[in-house]
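The values are calculated or read from the model by the stated rules, or taken from the named source; none is laboratory data. Here the structure is a predicted model, which is why all the values come from computation and not from measurement. As a convention, Cβ positions derive from the backbone with ideal geometry for all residues, glycine included, and neighbour counts pool all protein chains shown.
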Ligand SMILES: C[S@@+](CC[C@H](N)C(=O)[O-])C[C@H]1O[C@@H](n2cnc3c(N)ncnc32)[C@H](O)[C@@H]1O
């Protein structure tokens, strides 16, 4: 008789989504099942928190794209209410290294692509995307841009395959035409699903910023099941969502506390493309 795990596996649907050439596990139906699967199988709370970052230090060093990147952090700013992007989070390191690995293994092509990063924080992901050849717009709240600009300037010197600019983007607000004309090929975000209040505004921005040719890649921290479930429940109405198996991540940067999703906008009458 088939065990429960075998039944769950048999029901998994593997698909290709957007410009990501790997296969992803389709997330459909009841989002509670996805949450139970993630928390039940990955057991995020049992593994090390902040495995790839040190949030009390002033700099994070990481080798990526043949460079030694040095990302400035501002731990003291984290005591100000509402500030979350003044230090790096594991999902940012995981997403950055995933992109590097995916480009090297031919799963993603970033060369010459327009990329918008949401909630860039200290800017590691956007810097890596730029080193991989993309034309990146790194975005965040107005008071986060100073540190973000410093990190872009400090890390993207000399011969960089792509480009990077830093812009304000408050989720839910009208988009600067520079972001949406033309629509980006990729939208990236790490640890941007962390409060229910922000999810609605985040999805409003995603709807405006993405056409059906845009591929969204989000890395999330498995910190709060209710928030992730709320995001999936709401996002599923507008986007097709697939989870990237850890076998496709950078082998040295896997974490049971992180999940990577690929999303593409649904093409239907209620949700028409630009
Ligand atoms: C938890 S931090 C993650 C930072 C970075 N992506 C990383 O992985 O290290 C969330 C980021 O989203 C930004 N953010 C939060 N709410 C936002 C909003 N309403 N509009 C734009 N950015 C927002 C924060 O300023 C912060 O940089």
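Looking at 75, 31, just one residue is surrounded by 11 or more Cβ atoms within 10 Å (Cβ to Cβ) and at pLDDT 95 or above, and that residue is 31. Just a yes or no: is a residue in the stretch 257-264 touching a strand residue (DSSP E or B) at 6+ places or on another chain (Cβ under 7 Å), over 20 Å from residue 92 (Cβ atoms) and part of a strand (DSSP E or B)? So far as the stretch 257-264 goes, yes, one or more of its residues are touching a strand residue (DSSP E or B) at 6+ places or on another chain (Cβ under 7 Å), over 20 Å from residue 92 (Cβ atoms) and part of a strand (DSSP E or B).
Contact map, the stretch 84-99: residues that are in contact (Cβ under 8 Å) with a residue 24 or more places away in the chain and farther than 12 Å from residue 250 by Cα paired with residues that are near the ligand (Cβ under 8 Å from one of its atoms) and in a helix (DSSP H, G or I), Cβ distance under 7 Å, separation 6+ or inter-chain. Pairs shown: 85/144; 88/124; 92/124; 92/125. Only residues that are surrounded by fewer than 23 Cβ atoms within 10 Å (Cβ to Cβ) and touching a residue at least 40 places away in the same chain (Cβ under 8 Å) were counted in the stretch 119-136, giving 0.
Each residue in the stretch 87-122 was checked for being part of a loop (DSSP other than H, G, I, E, B) and more than 8 Å from the ligand (Cβ to nearest atom), and 9 of them qualify.
The set of residues in the stretch 138-151 being closer than 18 Å to residue 187 by Cα and buried (at least 23 other Cβ atoms within 10 Å of the Cβ) consists of 138, 139, 140, 148. For the stretch 171-179, state whether one or more residues are away from the ligand (no atom under 13 Å from the Cβ), free of Cβ contacts under 8 Å to residues at least 12 places away in the same chain, closer than 30 Å to residue 23 by Cα and outside any strand (DSSP E or B). No: zero hits.
If I filter the stretch 106-117 down to residues being surrounded by fewer than 23 Cβ atoms within 10 Å (Cβ to Cβ) and touching a residue at least 60 places away in the same chain (Cβ under 8 Å), which single residue comes out as nearest to residue 82 (Cα to Cα)? Among those residues, the one meeting the criterion is 114. Every listed requirement among (1) in a loop (DSSP other than H, G, I, E, B); (2) surrounded by fewer than 17 Cβ atoms within 10 Å (Cβ to Cβ); (3) more than 10 Å from the ligand (Cβ to nearest atom) is met by residue 52 save one, (2). Considering each residue of the stretch 206-215 in turn, none proves to be under 29 Å from residue 59 (Cα atoms), out of contact with any helix residue (DSSP H, G or I) (no Cβ under 9 Å at 6 or more places or on another chain) and part of a loop (DSSP other than H, G, I, E, B). Residues of the stretch 73-86 that are in contact with a strand residue (DSSP E or B) (Cβ under 7 Å, 6 or more places away or on another chain) and near the ligand (Cβ under 8 Å from one of its atoms): 85 alone.
For residue 194, the conditions (1) in contact with a strand residue (DSSP E or B) (Cβ under 9 Å, 6 or more places away or on another chain); (2) more than 23 Å from residue 255 (Cβ to Cβ); (3) within 12 Å of the ligand (Cβ to nearest atom) all hold with the exception of (2). Modelled with pLDDT under 95, crowded, with 17+ Cβ neighbours inside 10 Å and part of a loop (DSSP other than H, G, I, E, B): is that true of residue 194 in this structure? Spelling it out, residue 194 is indeed modelled with pLDDT under 95, crowded, with 17+ Cβ neighbours inside 10 Å and part of a loop (DSSP other than H, G, I, E, B). When we screen 147, 183 for residues that are touching a residue at least 40 places away in the same chain (Cβ under 8 Å) and not in a helix (DSSP H, G or I), the only hit is 183.
Considering (1) within 12 Å of the ligand (Cβ to nearest atom); (2) closer than 30 Å to residue 42 by Cα; (3) over 14 Å from the mean Cα position of the chain (by Cα); (4) in contact (Cβ under 8 Å) with a residue 40 or more places away in the chain, the lone condition that residue 224 does not fulfil carries the number (4). Looking across the stretch 131-144, the residues that are more than 15 Å from the ligand (Cβ to nearest atom) and either assigned to a helix (DSSP H, G or I) or over 27 Å from residue 256 (Cα atoms) (or both) come down to 131, 133, 134, 135.
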